[in-house]
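Structure first, then comments.
The values are calculated or read from the model by the stated rules, or taken from the named source; none is laboratory data. Here the structure is a predicted model, which is why all the values come from computation and not from measurement. As a convention, Cβ positions derive from the backbone with ideal geometry for all residues, glycine included, and neighbour counts pool all protein chains shown. Each accessible area value is taken on the protein alone, full model and side chains, heavy atoms only, with ligands, DNA and RNA left out. Shrake-Rupley method; radii C 1.70, N 1.55, O 1.52, S 1.80 Å.
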Amino acid sequence: MDAGKAEWLAGELDAYAHWFVTPDPSSDGHFLSLTLFAEFGDTARVARDMTAAFLRGAGAEAVVDDARLVVSELVGNVVNHAVPDRPLSSPGGCRRIDVIFKLWPKWLFIGVADEDSTPPLLPVGEVFSPGLIGELSEAVLPDCGRGLLIAQRLAASVWWTPEERGGKTVWARFDLNGEGEPVRR
């Protein structure tokens, strides 16, 4: 394995290890968890606003716009597509959305959890050649997966995990330079 690949793999493993834990305030880590409900008209706006407030308060101003857009897309997917698993649903009940933020000097992890165990439809690769995108009308782009495609373009990594109680969490990771600035690929 060449040195560049080994360094990349070490960075990925380090990020993966940090994803599992709640940041300790004494380690420059910040943590926030929000619970929202899909049936309220301003759920996505509240999620975007709380994202901005959390990141600005934690000194990660440079990633606010991209993180707000990713949160908006992920929360929008829950509002528009998630159907709670039978054990988690109740007649007349609201669909719960949990938004989780874990911020370290080198990473921002954002998770959006819902009560639907159905895996998200993550887009696979390019739908069209990048050279054709500018010439194609939006009408010929895929009808589903656009929000996750946006998240994949803005974040360093996007994945999902099933929850023990049912449901799932869709995660996005932003790589930061240690001073709250995003690392662009």
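Inside region 135-160, can you point out the residues that are loosely packed, with under 12 Cβ neighbours inside 10 Å and either modelled with pLDDT of 60 or more or of a type in the set (D, E, K, R) (or both)? Outline the logic, then answer.
Of the residues in region 135-160, the ones loosely packed, with under 12 Cβ neighbours inside 10 Å are 135, 137-140, 142-143.
Of everything in region 135-160, those that are loosely packed, with under 12 Cβ neighbours inside 10 Å and either modelled with pLDDT of 60 or more or of a type in the set (D, E, K, R) (or both) turn out to be Glu135, Glu138, Asp143.
Only residues that are in contact (Cβ under 8 Å) with a residue 12 or more places away in the chain and over 25 Å from Gly167 (Cβ atoms): list them for region 58-80, please. Walk me through how you get there before you give the answer.
First, pick out the residues of region 58-80 that are in contact (Cβ under 8 Å) with a residue 12 or more places away in the chain: 58-64, 66-79.
Hits for region 58-80 are Ala58, Gly59, Ala60, Glu61, Ala62, Val63, Val64, Asp66.
For region 43-53, give me the residue count where each residue is in contact with a Phe, Trp or Tyr (Cβ under 9 Å, 6 or more places away or on another chain) and open to solvent by 30 Å² or more (accessible area, probe 1.4 Å). Steps first, please.
Narrowing region 43-53 to residues in contact with a Phe, Trp or Tyr (Cβ under 9 Å, 6 or more places away or on another chain): 43, 46, 50-51.
Keeping just the survivors that are open to solvent by 30 Å² or more (accessible area, probe 1.4 Å) gives 46, 50.
Residues flagged as in contact with a Phe, Trp or Tyr (Cβ under 9 Å, 6 or more places away or on another chain) and open to solvent by 30 Å² or more (accessible area, probe 1.4 Å) within region 43-53 amount to 2.
Could you list, in sequence order, all residues of region 56-103 that are touching a Ser or Thr at 6+ places or on another chain (Cβ under 8 Å), aliphatic (A, V, I, L, M) and open to solvent by 20 Å² or more (accessible area, probe 1.4 Å)?
Passing the criteria: Val79, Val83, Ile100.
What number of residues within region 167-185 satisfy the criterion of being in a loop (DSSP other than H, G, I, E, B), modelled with pLDDT under 90 and buried (at least 16 other Cβ atoms within 10 Å of the Cβ)? Talk me through it step by step, then tell me what you get.
First, the residues of region 167-185 that are in a loop (DSSP other than H, G, I, E, B): 167, 177-181, 183-185.
After this cut, where a residue has to be modelled with pLDDT under 90 as well, the list is 177-181, 183-185.
In the following step, the residues that additionally are buried (at least 16 other Cβ atoms within 10 Å of the Cβ) were identified as 180.
Residues flagged as in a loop (DSSP other than H, G, I, E, B), modelled with pLDDT under 90 and buried (at least 16 other Cβ atoms within 10 Å of the Cβ) within region 167-185 amount to 1.
Checking the conditions here, which among Phe31, Phe37 is open to solvent by 40 Å² or more (accessible area, probe 1.4 Å), touching a Ser or Thr at 6+ places or on another chain (Cβ under 7 Å) and within 11 Å of Leu103 (Cβ to Cβ)?
Working: Phe37 fails: within 11 Å of Leu103 (Cβ to Cβ).
Answer to the check: Phe31.
Counting residues that are modelled with pLDDT under 80 and either in contact with a Lys or Arg (Cβ under 7 Å, 6 or more places away or on another chain) or within 23 Å of Pro119 (Cβ to Cβ) (or both), which helices (runs of 4 or more DSSP H) fully inside region 1-105 reach at least 1?
Details: elements: 3-19, 43-57, 64-81.
Once the helices (runs of 4 or more DSSP H) in region 1-105 are filtered for at least 1 residues that are modelled with pLDDT under 80 and either in contact with a Lys or Arg (Cβ under 7 Å, 6 or more places away or on another chain) or within 23 Å of Pro119 (Cβ to Cβ) (or both), what remains is 3-19.
Give the residues of region 107-126 that are aliphatic (A, V, I, L, M) and at pLDDT below 90, sorted by residue number.
In the first step, residues of region 107-126 are kept if they are aliphatic (A, V, I, L, M); the result is 108, 110, 112-113, 121-122, 124.
If the condition is that a residue be aliphatic (A, V, I, L, M) and at pLDDT below 90, then Leu121, Leu122, Val124 are the ones that fit.
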